[in-house]
Each structure stands twice: as structure tokens, then as C-alpha cells.
Amino acid sequence: MPELPEVEVLVRHLGPLLVNKMVRGVQIHRAKITRPTTARRMREKLVGTKFKSITRRAKYLLFKMKPPGRALAFMMIGHLGMTGRMYVQPAKQELPKHVATVLEIGRNNFVFEDTRYFGRLSLDDKRLSTLGPEPLEDKFNCQALRQALRRSSQPIKVKLLDQSVVAGIGNIYASESLFSAGISPCKAANRLINRQCQALAVAIRETLTEAIECGSTVPLDFAGTNRRDRLFYYGRASDAPDYYEERLKVYDRKGEPCLKCTTSICRIVQAGRATYFCPRCQRG
């Protein structure tokens, strides 16, 4: 599932293509994608509006839509789910097989394609109220992290996937951040001492920031017209250019040598998700 860096890179990609463009028509090919907003409501609200801005909250894309006249702007909320892709393509181009929603913007279409249809593009913003702090904002620090963890005996890796603790972190970047901080993924969240919380908060921020910077420099094809169309996951898109350095330190590296101590990377399953770590660098 795309995580915070992938969504941030997509937001930066879509902004110049959509801002100030008017929605002239709405096609709903999969009604499930707009729930709980109905297809009829989507058409009524969106036709005639303009994209005013595109931002991100956790793994959600926030499209600020401005109706004509003095009507107040409102938010359209997007989530890629597991397999979703959002991109702009010429209106004359054939739509993909798994198209879910199309917003007609003149000579182009804004397409939401989703193979498994777990994503969302709706006017419902209720889930945003349950999210924790943004890890790249000042509100997220050692104190905030320790406060969020103090009552949980869950393994820290599992707890980091709780979006009410910190927003936007998923399986890949949780493993990467814990490795950078030198913390075992099995350690109980409420057993982390202040020094470890400080190291983890810094590691999360640095890991996500670097991933965004890396993704912003990779020539990705969001429209999927060639094989290099996947979101990058810290530079691991297949067919990545030769000059692009592999940056994942532990994730999906089972049996390979640790980049710090050469000990073999281990893989375990926690809460149904794969966790990768170095048993020597992340003791305890």
C-alpha cells in the first residue's frame, strides 16, 4: 500500500496538472469508490468546480474544490488503497480496464484507476479526524511520540502502523525507521525510554524526508504508459534507472547482510505483516 512519501510525491506531481482546471463532467465507473458519497452527489457537487489546491494528510490526498460564484470551497478526499493510481491523460485516449472514476477537465481527463477497488475518491472526510500528528510537522516530536505510546504494550513496529499514533507510516517505513533508530521491532511500545523515543522520532522524520526527496527525482510515469509506472517505495520501482541507488536498508532483504554489521537480516510476521530487522543492531 502506498505510504506517506509515495502520496506526497503524487500530490506534487498532480498539482501543476490540475490546479485551476474546471471539472466539466464526472464519470463513475465503480460506485464503491465514492462511498459513502453517492455517484449522483459526486456529480452534483463537482461539475463546474475548479481545483484550487492539492495537499496531503497522512496517506490521503486532499483536493480543495471551488464552486463558481461565492459558494464555499469544499474538500474531495482521495485514497489510493492498495493498487490505486491517479493521473491525467488526454481525453481522446482509451480509458484503462480498471478505471473507477474520471473527472473530465477539457482536453484531458483526471483518471482514478484501481485494480482491486480498495481506494476511495469521495466527499467524506470523517476518517481525517482520527489521524495522529503529521510526522514531518513540528507537533510530532519525542514528547508527542512517548505520550502516544505510554499505555500500549503492543510491539513498537505494530504500534507505528496505528494511524492515531503518527499519520502516514506504513509497513515499509516503519521497518526502515526502527532500523535507523536501532530499536527492536518486538520491543513493547510502552517500554521505550526517552532516549529511544527521541531517536525514533528523528529516524521517522529523516527516513520519510529522504524517501520524498528520492521519489521526487525519479522519472516515474504515473499514467502507466510504460513499465516504470509504479509508486517508487523508497526507490524500489522495477526498471528503476541504473543511476538510481537502492536505499532500503532492511525491508525485503531477508538473509542479506546488514549494511552496518553484516549480520543477516531477519524476517518475522507481526499482526499479519512482514517485519525486517537486524538482530544485532536492533537487540532487545
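The values are calculated or read from the model by the stated rules, or taken from the named source; none is laboratory data. Just so it is clear, the structure is predicted and the values come from calculations on it, not from any experiment. When we count neighbours, we look across all protein chains shown, and the Cβ atoms used for this are built from the backbone with ideal geometry, even at glycine.
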- prompt: Counting only residues that are assigned to a loop (DSSP other than H, G, I, E, B) and hydroxyl-bearing (S, T, Y), how many does region 94-152 have?
  reply: 3
message: Take the conditions surrounded by fewer than 20 Cβ atoms within 10 Å (Cβ to Cβ), within 30 Å of R43 (Cα to Cα) and hydrophobic (A, V, I, L, M, F, W, C) and apply them to L123. Does it pass?
response: yes
message: If A91 meets every condition in (1) without any contact (Cβ under 8 Å) to a residue 40 or more places away in the chain; (2) buried (at least 16 other Cβ atoms within 10 Å of the Cβ); (3) touching an Asp or Glu at 6+ places or on another chain (Cβ under 8 Å) apart from one, which number is that one?
response: (2)
task: For residues that are among the basic types (K, R) and modelled with pLDDT under 95, scanning just region 49-91, find the one that is farthest from V165 (Cα to Cα).
output: R70
- prompt: So is T49 buried (at least 16 other Cβ atoms within 10 Å of the Cβ), under 30 Å from N171 (Cα atoms) and either polar (S, T, N, Q) or more than 21 Å from the chain's Cα centre (by Cα) (or both) or not?
  reply: no
statement: Those residues of region 8-63 which are hydrophobic (A, V, I, L, M, F, W, C) and not in a helix (DSSP H, G or I) amount to V19, M22, V23, V26, I28, V47, F51, I54, A58, L61, L62, F63
- prompt: Counting only residues that are in a loop (DSSP other than H, G, I, E, B) and touching a residue at least 12 places away in the same chain (Cβ under 8 Å), which one in region 64-88 is surrounded by the fewest Cβ atoms within 10 Å (Cβ to Cβ)?
  reply: P68
- prompt: Is it true that some residue in region 235-258 is at pLDDT 60 or above, of a type in the set (G, A, S), outside any loop (DSSP other than H, G, I, E, B) and more than 27 Å from T83 (Cβ to Cβ)?
  reply: no
Answer residue from region 150-198, given it is over 25 Å from R247 (Cβ atoms) and among the hydrophobic types (A, V, I, L, M, F, W, C) and is surrounded by the most Cβ atoms within 10 Å (Cβ to Cβ) among those: A189
message: So, P36, is that one touching an Asp or Glu at 6+ places or on another chain (Cβ under 8 Å) and of a type outside the set (S, T, Y) or not?
response: yes
